[in-house]
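Shown next, in structure tokens, is the structure this report addresses.
The values are calculated or read from the model by the stated rules, or taken from the named source; none is laboratory data. Since the structure is predicted, the reported quantities are computational estimates derived from the model, not experimental observations. Here the Cβ positions follow ideal geometry from the backbone for every residue, glycine too, while neighbour counts run over all protein chains shown.
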């Protein structure tokens, strides 16, 4: 009887936590999807207007503005990060680095880009945060032109512009299917 009461108490205590986790996950996925859709649209317009060289300016200037817009609108900290940085302002913290490395392992084992996500409640300096990351996997060139700026073969004009804007650029040499980075969201609970 005592075990049954303890088990029931644990269920009652964990049900709200699981419900909150699911609610936060759903919200984070929605924000990530909206951010990606908007960024993809801007990049598409930029590429149509001036090719990959023009898209570099979109990533440098417009992408951070889109992230800030979504942060302000939702109360979440919305950003992108990677283990191989182009923009040093997007450097991952220790938690993000760990998750990005897990994403690489999961992809290497064949996990679909669609399911490459991680959510967790973490404690930082005595405060609890809900953290969420959604992997960004390099699509084939036929689906999106990301490899024109991040791939193994970058034309000279694009490479020159990247060198000019990002002298410490490490975000090159990717192949389709590799983890490029992640959308990362954080919300204080």
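Within the stretch 91-129, restricting attention to residues that are closer than 11 Å to residue 184 by Cα and in contact (Cβ under 8 Å) with a residue 40 or more places away in the chain, which residue is surrounded by the fewest Cβ atoms within 10 Å (Cβ to Cβ)?
Only one residue tops the list, namely 119.
Might you check whether a residue that is under 15 Å from the mean Cα position of the chain (by Cα), surrounded by fewer than 17 Cβ atoms within 10 Å (Cβ to Cβ), touching a residue at least 12 places away in the same chain (Cβ under 8 Å) and at negative phi occurs anywhere in the stretch 55-63?
No - not one qualifying residue is present in the stretch 55-63.
Quick test for you: out of 163, 168, 93, pick the one residue that is more than 15 Å from the chain's Cα centre (by Cα) and within 19 Å of residue 80 (Cα to Cα).
Numbers: 163 fails: within 19 Å of residue 80 (Cα to Cα); 93 fails: more than 15 Å from the chain's Cα centre (by Cα).
Result: 168 is the single residue among 163, 168, 93 that is more than 15 Å from the chain's Cα centre (by Cα) and within 19 Å of residue 80 (Cα to Cα).
Would you pick out the residues in the stretch 70-84 that are within 28 Å of residue 140 (Cβ to Cβ) and outside any helix (DSSP H, G or I)?
78, 79, 80, 81, 82, 83, 84
When you scan the stretch 19-39, do you find a residue that is in a helix (DSSP H, G or I), more than 21 Å from residue 183 (Cα to Cα) and modelled with pLDDT under 90, even just one? Give the derivation first.
Initially, the stretch 19-39 is screened for residues in a helix (DSSP H, G or I), giving 19-39.
Applying the additional criterion that residues be more than 21 Å from residue 183 (Cα to Cα) yields 19.
Filter once more, keeping what is modelled with pLDDT under 90: 19.
Scanning the stretch 19-39, I find at least one residue that is in a helix (DSSP H, G or I), more than 21 Å from residue 183 (Cα to Cα) and modelled with pLDDT under 90, so the answer is yes.
Of the numbered conditions (1) at pLDDT below 95; (2) touching a helix residue (DSSP H, G or I) at 6+ places or on another chain (Cβ under 8 Å), residue 137 satisfies every one except a single condition; which is it?
Residue 137 satisfies every listed condition except (1).
Residues in the stretch 59-76 that are closer than 13 Å to residue 187 by Cα and touching a helix residue (DSSP H, G or I) at 6+ places or on another chain (Cβ under 7 Å): how many?
Result for the stretch 59-76: 3.
Would you confirm, using the coordinates I've provided, whether residue 87 is at pLDDT below 95, surrounded by 13 or more Cβ atoms within 10 Å (Cβ to Cβ) and closer than 23 Å to residue 173 by Cα?
yes
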